[in-house]
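Chemist: Right, I'll just put the structure down here and ask away after.
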Amino acid sequence: MRISRLLWGDAFTLAVLFLGTGAFQSLVVDNTNPQAGAEGSPLMKVLWAVVYSVVALRVLSQYHRIVPVVRANKLLLFLVLFAILSTIWSEDPALTLRRGVAVLATTALGLDFAVQYPIREQMRLLGAVLGLTIVLSILAQVFFPGAIPTVNTPADADAWYGVFNQKNQFARIVVLATLVILTRSRRSRRQGVIVGLLVAGAIALVIAAKSMGGLVILIALVLLVEIFPALRWKPRTR
């Protein structure tokens, strides 16, 4: 029973992480319509309502573990409350309140993720989802071009966007996946070569997406990760 419960928990987490990437959502949300883009699709609302309901039950069951995390991150709680209180001066209070509640629910999801899994397992699950999303994007781009609705401008008609509705969304996922790759320890030359090839592939995908912002952030991340070991130098050398 315990193994089955763990498997169901992992399956739920993987499904939520995949849903959070935004992959394939342009198939159910008409982003060319500003009102539809703001309101979202009924299907996505139902899916997230189910997700947040399950998360609420999981948070309640892990209450004793989550409270210390919240106490140690009071500014996080302040930001969530600030998002909800911004309803007071919002031009669209109803929409702002819904988005504020969504921020609260998403934060609860993050807290649940943090207490359910150690950091290595978090990165493994995140890497698996992001890797799957990128593979699906490449397959969609190569074998089913145009199958996914996009809001790319005519000037970016040949820019890769994968299973997303816009090139920068695809680039954002590639950059995040690269960060996950760079956090993995490289204890051998072979592992270092594999990581190097994956990073090179990520750079190629961001270039194919024609996302200059994504490319700048990706290069900056690679440089920062290489610089971080300097923090462990002796103080005088540093």
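Chemist: Relative contact order of the chain, please, whole-number percent, based on alpha carbon pairs below 8 angstrom and at least 6 residues apart.
Modeler: With pairs under 8 Å counted, the relative contact order is 18 percent.
Chemist: By the gyration tensor of its Cα atoms, with a ≥ b ≥ c the square roots of the eigenvalues, what is the shape of segment 13-123: rounded for a/c under 1.5, prolate for a/b over b/c, or oblate?
Modeler: It is oblate, given that a/c is not under 1.5 and a/b is not larger than b/c.
Chemist: If you place +1 on the Cβ of every Lys and Arg, -1 on the Cβ of every Asp and Glu, and leave all else neutral, what size is the dipole of segment 119-238 about its Cα centre, to the nearest 20 Debye?
Modeler: The calculation lands at about 940 debye.
Chemist: Quick check on the exposure proxy: order R99, R120, R189, R236 from fewest to most C-beta atoms within 10 angstrom.
Modeler: R236, R189, R120, R99
Chemist: Just tell me which lysines come within less than 27 Å, Cα to Cα, of K45; anything on the same chain fewer than 8 places away is out.
Modeler: Output for K45: K167.
Chemist: Rank by packing, highest mean first: peptides 52-58, 123-129, with packing defined as the count of other Cβ atoms within 10 Å averaged across residues.
Modeler: The packing order, highest mean first, is 123-129, 52-58.
Chemist: Sticking with this structure for a sec: Ranked by Cβ crowding within 10 angstrom, fewest neighbours first, how are L136, L60, L81 ordered?
Modeler: Going from least to most buried by this count: L60, L81, L136.
Chemist: Follow-up question, since we're still on this one. List T13, T106, T133, T237 from most exposed to least, where exposure is judged by having the fewest other Cβ atoms within 10 Å.
Modeler: T237, T106, T13, T133
Chemist: Also, I was wondering about something else. Candidates (i) 15.1; (ii) 17.5; (iii) 13.0; which is the computed mean projected area of the Cα convex hull in nm²?
Modeler: Only one listed value fits the structure, namely (ii).
The numbers here are math on the coordinates, done by the rules we state, and not lab data. This one's a predicted model, so the numbers in the text were calculated from it and none came from an experiment. Every residue, glycine as well, gets a Cβ built from its backbone with ideal geometry; the counts of neighbours run over all protein chains shown.
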